[in-house]
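No value in this document is a laboratory result; all are computed from the given coordinates. A quick note: this is a predicted structure, and the numbers were derived from the prediction, not measured. Cβ coordinates were reconstructed from backbone atoms using ideal geometry, including for glycine residues, and neighbour counts include every protein chain displayed.
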């Protein structure tokens, strides 16, 4: 967006245009009406001229006093007139300071008169040198009628701070002194932006924020599908290892409707895993002994854990005892909880992912604990434990598949080929169930 300024000109607080008896200055059109000029200077042109530049938010103003020399002599012989006063500066240690002063002296027709401009420190009468770390450099214009001097101080030290004075003399008996300070600037970490650039910075910050939020939303929603796709596409396949199935699904009798009705059919028909079912007894402290004889036939062991399977004693002690048993099995175990873990157990599980083993000797690195309701998935029926299980949360199925062996994505197939694959998978699944204890009895 381009800012538009409006310019206003004044002489002695009177707005332009001015009557001829007050000033003969007019606008110079070739400078976009930003300059006033006259081709013939007159005594009435003397005065204080000012210019204001305004927009909707800012007003800038500058002024200058114009003096007209005697029309007869055309020579100025008075006191030097400052044309540029030095300004004080804030300079850090080791930085560079630069001061400038300038004055109009006119021309004195005396053989010994010589214009001069010198810099010195206010607490010393010694004129500063013209070369070195601290040096002054004289400049002039208008045939030496206007003279000035730069004072440069490099690699500023503590002794360099203070007041400096610029003395301008016409070589006779008229001189002026212009002073300025060099102050110490403490280290600051401030981002200085040019006028108008804050808008660009704001737009850039908003754009970056939108991109970060979009990336965060994309990551939160899509990282599981992407991770699963990459794992299945490029991960190592667990084949020819002598295993009979991909997963041995272990469950309590009260969770049978969930396992037989949803978990196993979904893994087999939708995700093409070979599964076997194993119903566990009421004695949850012997579950590891019941699972061990069948453990070596599967690549993963899935254990469905609910309050009903623990006689509705869902405490840190009861859940921890079962997890300790399962962590001792030789095959990686996936624990599917139908209720959130007790707070202490959940905290220990998160911490022990880094520590590998907690104080109760539970090897959490051998366990993958998933929540059935992770990512939503409410509704549906109710299991024998009285908990509404639905069809499982969206994130739950992605995490479960990530914990399972890699499975190559299926290329495009005809409908008959897809149906044949599902029927064949279901037939092999039935054979695996026949080998597991009491599975068929539950189905009957």
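Brief remarks on what is shown
- Counting neighbouring beta carbons within 10 Å and listing from fewest to most, the residues 57, 96 come out as 57, 96.
- If you plug the beta carbon distance of residue 22 and residue 143 into 1/(1 + (r/R0)^6) with R0 = 30 Å, you get a FRET efficiency near 0.45.
- Length gained when the stretch residue 223-residue 64 is fully extended (0.36 nm per residue, less Cα-Cα span): 50.5 nm
- Site pair residue 240 and residue 85 shows an inter-label distance of 9.4 nm when each label is modelled 7 Å from Cα along Cα→Cβ.
- The spacing between segment 261-302 and segment 100-127, judged by their C-alpha centroids, is 101 Å.
- Shape analysis of segment 75-184 yields a ratio of the Cα radius of gyration to the Kirkwood radius, Rg/Rh, of 1.01.
- In this calculation the C-beta distance from residue 154 to residue 347 is compared with R0 = 41 Å, giving a FRET efficiency of 0.10.
- Spacing of the two label points (7 Å from each Cα toward its C-beta) at residue 37 and residue 7, in nm: 1.2 nm
- Antiparallel DSSP beta bridges within segment 75-184, percent to nearest 5: 90 percent
- With a simple spin-label model that places each label point 7 Å from the Cα along the Cα-to-Cβ direction, the separation between residue 163 and residue 77 comes to 3.4 nm.
- With only the Cα atoms considered, segment 16-99 has a convex hull volume of 183 Å³ per residue.
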